Structure formats: structure tokens, C-alpha cells
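Throughout, read-outs are computed from the coordinates displayed, never taken from laboratory work. Remember, predicted model here, so these are calculated numbers, not experimental data. Cβ: placed from backbone, ideal geometry, glycine included. Neighbour counts: every protein chain shown.
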Amino acid sequence: MSVTEEILAKIPGNPLEGLRRVDALWKGVREDSMSVPQVVEVKDQPLGSVDWDVVICGGTLGILLGAALVQKGWRVTLIERGVLKGREQEWNISRQELGVFVELGLLTETELETAIATQFNPVRVSFSEDAEIFVEDVLNIGVDPVYLLETLKKFFLKKGGNLIENTPFESLEVHPNGVCINRSITARLMLDAMGHFSPVVRQARQGKKPDGICLVVGTCAKGFEQNQIGDLITSFTPIQKQCQYFWEAFPAKDGRTTYLFTYLDADRNRFSLETLFDDYLKLLPEYQNIELDQLEFVRALFGIFPCYRDSPLRLKWDRILPIGDSSGSQSPLSFGGFGGMVRHLKRLANGIDQALRCERLDRSSLALLQPYQPNLSVTWLFQRSMSVSINQKVNPDQINQLLVAVFSEMQQSGEQVLKPFLQDVVQFIPLSQTLIRTAIAYPALVLRIIPHVGVLALLDWMLHYFNLAIYTVLSAIAPKLKPWIEALPPAQQYVWNRWVDAWQYGSGNDYVGH
């Protein structure tokens, strides 16, 4: 029996079975053996009646947007394959991002405070013992998903929302005047919140392999010494198994959570998730300076997070909008969709509200709600520089050396440069400043990175970098367009407001640091 099998067998809920289920999914991705669902069908005849304005499929994060839409007065029904409830493991986020729940009227200040399970400071960034960086107030809040989702669920129902639990998604018919889910639930618009492996998304992508993968394993355990410092991203080993291993660690209400994650492609020769869990348990004692037999493991955590360069996903069907992980609009560096959903909650709620009001529910109009964002597209080069192809030969310490150099320059530039980047927000001026400083201070290291990432990837990145500059300028002048936009007819207002949102979020200028 392996150490992974031995430890996971002691944790309630049979996580070993869950790990192997996700591993089978990962094997299907690597081997291109996953079937392409055929769940969406287009019908020519209109529906006789439409019962709801919006149907949301996938409740765990769909309830966030569902609550925001019922607050705006829309008739919303939400279907969830199981019981809608949060998991025990906290979701980490920065404090200022949580304010949107109060701003949209979904939580009171008291409820928001109750939802916060843990708070800690500082968080550490480290790729060398000699170059540690400590930052305050970044992803240092642990939200209790059980309380948060239960509170939003009660709010949703109180406001007239309809919740259908224990009902898996099976089929979707698109009619000229609405959609029909599972041949029984009709609505004007369907929001797909079923995640990376949504059957609708899989049909839309037609079995295309992801361009990048983030594999994550970890646990929450008791027995660690009291430690109120979090690790945002650290590495203490060279490249091994054609991967660079990164770590995170956060205090939790019932112990300490530690993650091991890595970026890689979906080559069929990549190792399994269970192999990564073996390495996690082998390296954990060195990482946290504690022996495994001193720990009481409470939960096991694992997942695979695919990313596509062709994102956000543009569907060929009317009246369907993918949101959250389904949309592919997250950074290829991030995993877990809570932060991304919260960041875009106000933008999506207002945009969907306006789309419903002026009946802009065709595919082109809805695509404006998940626009191209150059500040996310530029991060593909970072993901590429932090990963290694299956047959690529590189210096085992190259990635750590690069990250030490880049983060050192960001730290010297100040928190206004470092903090947004650590929250997956890339802005043109801080990015340019960091790149110039790094190139001047470490020219030999930068030259080694060019063959590592490839010339084509670099040229592609330059296009997104140029667009980031344009979006930054457009975002700066957008406020002056507001009076003119407000004078337009509603349908044209919708389009122009979406462009303004795209400039703001696509330039990273939605970020407000405190």
C-alpha cells in the first residue's frame, strides 16, 4: 500500500475513490479518449410559453450570480445535480474583493463578517531561501463556503428564486424565443456554470485538447505548529519529472491547508494525479518541517484545471452564456473559480440585466459579456515560462532563477506593482516596468527564456502586450464617453457598455487596491 493510499484511507468520505475518479478524467484528457457530448440541439419552432427569465445550470458558483439577478427582479431558476451546499474547505480571497456582496445587496455587513472563517497575515512568496518576499492583505481571507452558500441560497429563495436540487443537466434545446432544459424547464436565457468539464462546453470545443493544465493536490491537516503566515507561491525543488513544483499553504479554521501544484501540457506521457499526490506526501515534511505521523489529516484536495488559448469561449448558439470556469475566462495561472467569479460578479450581473431588458440574447450580443481580455492573454507566456515540455531540456534551476529575478524587481518597484500581479491582475505600466528592470538586471537569464518559451509564443505574446497598451488607453478615456452612451437607445447602450467593461477589465483597471 502506498503512502497516498494509506493516508487517504483514514480520511472520511473515501477521498481515494474521488482521486481515482478525477485521475480517470485526467487520463481521458491526456489520451484524447473523452467522448464529445451532444446535449445542445437547435429547434426552429418557438416555445409555447417561457416560464423563467434565466435558468442557471450548476449551483456551487451559479448561486452567486443567481442571487444577484433575483435581486434585480428577474425570474431565475437554478438546477444543481446534488444538494446545493459549500464544501468544508475555505476559499481564499482578498478582503476588498468581498465588498461586492454588500454593494449588490446580497449580504449584510454582519453576514459578510460571519462568512469570514480565517484571517491571517502576511503571505510569503519564495523561490529561494535567500529571497523571500512578504506581502500583507493578499488572499489572506478564508471564506466559509458552507455559510456563504447557505446564506445566498436563503436570499435567493426569499427573493423568489427557484432551486431544483438533485437534478443533473441532461439536455438543452435552443428555440427562437427561449431554451428548454431537460425537456421541462423553459427560460429566455441559460447560464452555464457547470465548470471546466461542462457537457455544453465539451460539445462546443469538440474534443479539443487543452493548451495547458494546472494539476493540484493537497490536504488540510491538524498538528502543525501555530502559524499565521500563508504561502502564496513557493518552490524549493528544481525541475523534476519535466515539471516545476509550486506550493501554497494557508491557516484554516480546523488546521492548515497545504497545496502542491504544477503547470504542464496534456501530453499522454504525463504522470497521474495520484503520482503527484505521492510526491506531495514525500515532500510535505521538508516543506513544512514536520513528519507525516505528527499530522491528523482532515481533508484531501485535488483537481485538474484545463486552460485554452481560444478563450473566453465563443458559442455558436443563441441564448446560452458560459460563466465562471465554463467560460474559460480565467487566467491560465489560477485554479479555483471563486475569485474569478467574485471579481466579475458585478460586471456580469449588470450586463445580463441589460441584455435581458433589451432582448440582446443572440450569440454575438452575449459574446460581449465574455470579451477578449489582453491582460489575461499575456499571462500565457508566464504559464509557458513556468512549465516544461515533455522532451524539453532545460537547466533544472532555470524556472526558480527566473522567478527570483522577476519577483525581486517587482518588490523593488513597490506594492502597487506586486500586489495586483499576485491577485492575477496584470496592468500595462507595472508589467512594462517589471520587464524592463528584469531585462536590464538579468540579461543572460532573459535570453535563456526565449528558446524555452519559443519564438512563436513570444510573437503571440507581443500582440496581446500591444493590445494591453491600447485597452489601457481606452479604459482611461472611457469615463468621458459616459454621457454620450447614456443618450443612445438601449440596444446600442448595451453594446457600448460592454466595450467599456472590456477595456476596464481587459486592462486590469477594475483592480482597486487598499
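See the values below:
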{"quantity": "Placed amide H near Ala117: partners under 5 Å, 5+ positions off or other chain", "calculated": "Gly142, Val143, Asp144"}
{"quantity": "Positive-end residue, the chain charge dipole about Cα centroid, Cβ charges, pick of Val179, Val22, Leu84", "calculated": "Val179"}
{"quantity": "Cβ crowding within 10 Å averaged over residues, with 339-348, 117-126 ranked highest first", "calculated": "339-348, 117-126"}
{"quantity": "Net charge of Cβ neighbours under 11 Å - reference Ser126; Lys, Arg +1; Asp, Glu -1", "calculated": "-3"}
{"quantity": "Cα-based equivalent ellipsoid of the chain: semi-axis lengths in Å, sorted from largest, via gyration tensor", "calculated": "36, 28, 23"}
{"quantity": "Order by protection proxy (mean Cβ within 10 Å, highest first), peptides 493-506, 103-116, 462-475", "calculated": "493-506, 462-475, 103-116"}
{"quantity": "Total formal charge among the other residues, if their Cβ is under 12 angstrom from that of Ala204, Lys/Arg +1 and Asp/Glu -1", "calculated": "+4"}
{"quantity": "Residues of type lysines that Lys154 reaches as a straight line, Cα spacing below 29 Å, ignoring anything fewer than 8 places off in the same chain", "calculated": "Lys72, Lys85, Lys253, Lys346"}
{"quantity": "Size of the range 369-417 as Cα extents on the principal axes (Å, biggest first)", "calculated": "40, 30, 8"}
{"quantity": "Mean-position separation - Cα centroids, the range 69-83 and the range 1-60, in angstrom", "calculated": "21 Å"}
{"quantity": "Protection proxy ranking of 357-370, 397-410 - average other beta-carbon atoms within 10 Å, highest first", "calculated": "397-410, 357-370"}
{"quantity": "Dipole axis of the chain (+1 Lys, Arg; -1 Asp, Glu on Cβ), positive-most option in Gln401, Leu47, His344", "calculated": "Leu47"}
{"quantity": "Cα centroid separation, the range 226-282 to the range 449-467 (Å)", "calculated": "27 Å"}
{"quantity": "Hull volume in cubic angstrom per residue (convex hull over the Cα atoms of the range 396-514)", "calculated": "125 Å³"}
